[in-house]
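Comments concern the structure below.
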Amino acid sequence: MIPVLVADDHGFIRAGVEAVLRGTQFSVVAATASGEETLDAIKTHDPAIVLLDINMPGMNGVQTLEVLRSRGDMRPVVLLTAEINDRQLIKVMRAGVEGIVSKDGAEDGLIDVLEKVHQGHRAIAPSFLQRALDLSLKPEAMGPLAKLNPRERKIAALVARGLRNRDIGAELGIGEGTVKVYLHTIYQKLGIENRTELALMAVNEQDT
């Protein structure tokens with residue numbers, strides 16, 4: 001039997017997945033309701049495949065996948081989703097998700113997706129792949145801060161944390177005057193006038 005972990009905050013979805021997998025080569029070894037629970041359960045049960053709901057309270061599926069990959073864990077992850085927004089799609093593609101299954105009609109395609117990812121293939125519908133490609137060619141669609149380079153994004157994040165120019169400079173190893181130059185450039189790129197607007201943009205993007 002191939003062990004599968006199912007993460008979804010809705011009990012009936014977890015039960016539905018177990019029903020679909022019953023009698024197949026796949027077996028549910030753990031069921032979780034949050035990203036935090038999922039990361040712990042992966043350590044405990046060591047599933048071959050993680051079936052992950054994209055929208056969960058607390059740490060969502062996107063964040064859970066990113067943490068997993070940051071730890072060097074490259075086991076197959078399949079996202080189970082009712083809908084996925086543009087930012088989420090780009091993030092999971094960059095994190096190396098192996099499969100995406102729509103909750104609408106999942107009973108028809110779930111087994112096929114699990115079989116493919118277990119064999120080392122990706123199982124992502126062409127429509128998702130094309131959408132991700134289109135988005136990657138249009139960075140402005142990924143939120144306003146996508147217009148910024150990595151250093152500017154870091155400064156925006158520090159502004160969102162409430163740091164003053166002097167503190168930002170100390171954090172990045174640059175002068176306070178250089179921070180002011182960066183901020184002026186950032187304001188121009190984003191079409192804003194002050195650090196309060198920048199902080200709000202940065203916080204909103206982090207929450208997306």
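Results for (1) basic (K, R); (2) in contact with a helix residue (DSSP H, G or I) (Cβ under 8 Å, 6 or more places away or on another chain); (3) more than 16 Å from V4 (Cα to Cα); (4) at pLDDT 90 or above, shown as yes or no for each residue.
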{"position": "G99", "(1), (2), (3), (4)": "no, yes, no, yes"}
{"position": "E107", "(1), (2), (3), (4)": "no, yes, no, no"}
{"position": "D112", "(1), (2), (3), (4)": "no, no, no, yes"}
{"position": "E115", "(1), (2), (3), (4)": "no, no, no, yes"}
{"position": "Q119", "(1), (2), (3), (4)": "no, no, no, yes"}
{"position": "R122", "(1), (2), (3), (4)": "yes, yes, yes, yes"}
{"position": "Q130", "(1), (2), (3), (4)": "no, no, yes, yes"}
Among residues of the range 169-185, those that are touching a residue at least 12 places away in the same chain (Cβ under 8 Å) and open to solvent by 50 Å² or more (accessible area, probe 1.4 Å), counted: 3
Yes/no for L89 being in contact (Cβ under 8 Å) with a residue 60 or more places away in the chain, among the hydrophobic types (A, V, I, L, M, F, W, C) and in contact with a helix residue (DSSP H, G or I) (Cβ under 7 Å, 6 or more places away or on another chain): no
Some residue of the range 16-25 being within 26 Å of L137 (Cα to Cα) and buried (at least 17 other Cβ atoms within 10 Å of the Cβ): no
Pairs where the first residue, in the range 32-44, is among the hydrophobic types (A, V, I, L, M, F, W, C) and the second is open to solvent by 90 Å² or more (accessible area, probe 1.4 Å), C-beta under 9 Å, 6+ apart: L39/R71
A30 out of contact with any strand residue (DSSP E or B) (no Cβ under 7 Å at 6 or more places or on another chain) and either modelled with pLDDT of 95 or more or part of a helix (DSSP H, G or I) (or both): no
So K189, is it within 20 Å of the chain's Cα centre (by Cα), farther than 20 Å from V97 by Cβ, surrounded by 13 or more Cβ atoms within 10 Å (Cβ to Cβ) and not aliphatic (A, V, I, L, M): no
Tally of residues being within 14 Å of R87 (Cα to Cα) and in contact with a strand residue (DSSP E or B) (Cβ under 6 Å, 6 or more places away or on another chain) across the range 114-137: 1
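The values are calculated or read from the model by the stated rules, or taken from the named source; none is laboratory data. If you're wondering where the values come from, they're calculated on a predicted model, not measured in any experiment. So basically every Cβ, Gly included, is an ideal-geometry build from the backbone, and we count neighbours across all protein chains shown. Note: areas computed on protein heavy atoms with side chains; ligands, DNA, RNA excluded. Shrake-Rupley method; radii C 1.70, N 1.55, O 1.52, S 1.80 Å.
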